[in-house]
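Following: one structure in C-alpha cells, then a few remarks.
The values are calculated or read from the model by the stated rules, or taken from the named source; none is laboratory data. These numbers were taken from a predicted model, which means no experiment stands behind them. Cβ placement follows ideal geometry from the backbone for every residue including glycine, while neighbour counts extend to all protein chains displayed. The accessibility values were calculated without ligands, DNA or RNA, using every heavy atom of the protein model including side chains. Shrake-Rupley method; radii C 1.70, N 1.55, O 1.52, S 1.80 Å.
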Amino acid sequence: YDKRLSGNGTQSCGSCHFQRLAFTDGRAHGLGSTGEAHPRSPMSLANGAFNATYTWANPALITLERQMTNPVFGETPVEMGVNDANVQQVLQRLQAEPGYPRRFAAAFPEDPQGAISWDHVIKAVSAFERSLLSFNSKYDRVKEGKARFSAPEARGLKLFRQAECVKCHQEPNFSNQFLTVATRDADVSFYNKGLYNLDGRGAYPAASPGLIEITGKAADMGRYRAPTLRNIEVTAPYMHDGSVATLQEAIALYADGGRRIAQGPNAGDGRTSALKSPLLHPRKLSRQDQADLLAFLKTLTDHAFLRDPRHADPFQSPPGGKRRTPCHATLPAP
C-alpha cells in the first residue's frame, strides 16, 4: 500500500488492487503510475499463493516473487515505474520510513543492520500476497455443513458441473492452475475463449494477443489462463481486457460458445474461430438456467475477505482514529 514504492511516488500495488473488489480495480485496463494504460485488466489476488503461474498468460512466471518484477520494473507498459534512474532513490525513501528498518531487520535477520534491499522488498510484498486467502464464502460454508444453498443456487451448481464449466474452473479454487504441496502434475493450460476473430483465422487485437506473445506459436493466439471464480461477483469487468461488462453477459457468452462482434475495429465471429478451445461450444441454457448459474456464482463471494482488517490499507484512517503509518499498522498474526 506504500506509494513510495513507485518510481514517482504516486502509486502503490494497492492502487490497482482494491480489497473491496477482491484486489482488482474495477477497470477494463489498469493505469500505471505515469498514466499509461495497461492492455489487460488487473487480476484478483485472492488465493494467489496457490497459482501455478501468474499474470494472464506467462508460463515463465511461476512464483509471486518472479511475477512482482513485472509491475515494479516493467517498461512496456510502465506500471510502478521503477527504473535505473530512480531505483536507489525508491529504496532510500523506504529506508527513511522510521518503522521499516526495524521491521525489515526482524523479518530478515541475516541482515541485522536493517538495510532495505529490493530482494527483501519483493519477498515482503509476496509474503503479504500469500496471506490473501479467501475460503469463507457461502459455498465453503455449505461444504462444511454450516449453510444450505437456495433452490436456484443448488440448480446453478448442478448446471456448473453438467455444462463442464468445472473443466476450466476446477474446485476448490474454481481456477485451472491450483497448486498445492500434494500436486504432482500442475495444470498450466491456457485457453482461447472465442472472444475475437479479426481476420477469420482467429486473430486477437495486437495490443494483447495472449500466450503467443511469450511462445511465438501461432496456435497460442488468444490463449489465457482461466482465473479464479471466487469473488467473481465483485471483479467486473471480465476477461483479460475487461471487454465483458457484467457477469450475466459473461454467462451468455459462454452459453453461446464465444462472441460475435458485429462492427468496429474488432469485428468478427469468435464462435467460428479455429483456435477456440474445444471446451467452449454452444450450450442450450435457458434464461432460467443462466439465472441459476448467476445465483450459484454469487455464493463464491467471501464477504469477510473483502473487509478483513488484516488486509486493509494501513495508511487509511480507521473510523474515529488518526491516520496510521506502516510502523503502527496492525499486522496479521504469524
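Which condition from (1) open to solvent by 40 Å² or more (accessible area, probe 1.4 Å); (2) at pLDDT 95 or above is the one that Thr301 breaks?
With respect to (1) open to solvent by 40 Å² or more (accessible area, probe 1.4 Å); (2) at pLDDT 95 or above, Thr301 is out only on (1).
In the range 31-73, what residues are more than 18 Å from the chain's Cα centre (by Cα) and outside any helix (DSSP H, G or I)?
Answer for the range 31-73, where residues must be more than 18 Å from the chain's Cα centre (by Cα) and outside any helix (DSSP H, G or I): Ser33, Thr34, Gly35, Glu36.
Starting from residues that are among the charged types (D, E, K, R) and in a loop (DSSP other than H, G, I, E, B), keep the ones in the range 206-228 and report whichever is farthest from Phe174 (Cα to Cα).
Lys217
This table checks each residue for (1) modelled with pLDDT of 95 or more; (2) surrounded by 16 or more Cβ atoms within 10 Å (Cβ to Cβ); (3) closer than 21 Å to Gly222 by Cα.
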position: Val244; (1), (2), (3): yes, yes, yes
position: Leu253; (1), (2), (3): yes, yes, yes
position: Gly257; (1), (2), (3): yes, yes, yes
position: Ile261; (1), (2), (3): yes, yes, yes
position: Gly264; (1), (2), (3): yes, no, yes
position: Gly268; (1), (2), (3): yes, yes, yes
position: Ser273; (1), (2), (3): yes, yes, yes
position: Lys276; (1), (2), (3): yes, yes, yes
position: Lys284; (1), (2), (3): no, no, no
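For Gly194, indicate whether it is open to solvent by 50 Å² or more (accessible area, probe 1.4 Å), in a loop (DSSP other than H, G, I, E, B) and modelled with pLDDT of 95 or more.
No: the conditions fail for Gly194.
What's the total number of residues in the range 129-151 that are buried (at least 17 other Cβ atoms within 10 Å of the Cβ) and out of contact with any Lys or Arg (no Cβ under 9 Å at 6 or more places or on another chain)?
Of the residues in the range 129-151, 2 are buried (at least 17 other Cβ atoms within 10 Å of the Cβ) and out of contact with any Lys or Arg (no Cβ under 9 Å at 6 or more places or on another chain).
Out of contact with any helix residue (DSSP H, G or I) (no Cβ under 6 Å at 6 or more places or on another chain), surrounded by 19 or more Cβ atoms within 10 Å (Cβ to Cβ) and assigned to a helix (DSSP H, G or I) - does that describe any residue in the range 88-107?
The answer is yes, given that some residue of the range 88-107 is out of contact with any helix residue (DSSP H, G or I) (no Cβ under 6 Å at 6 or more places or on another chain), surrounded by 19 or more Cβ atoms within 10 Å (Cβ to Cβ) and assigned to a helix (DSSP H, G or I).
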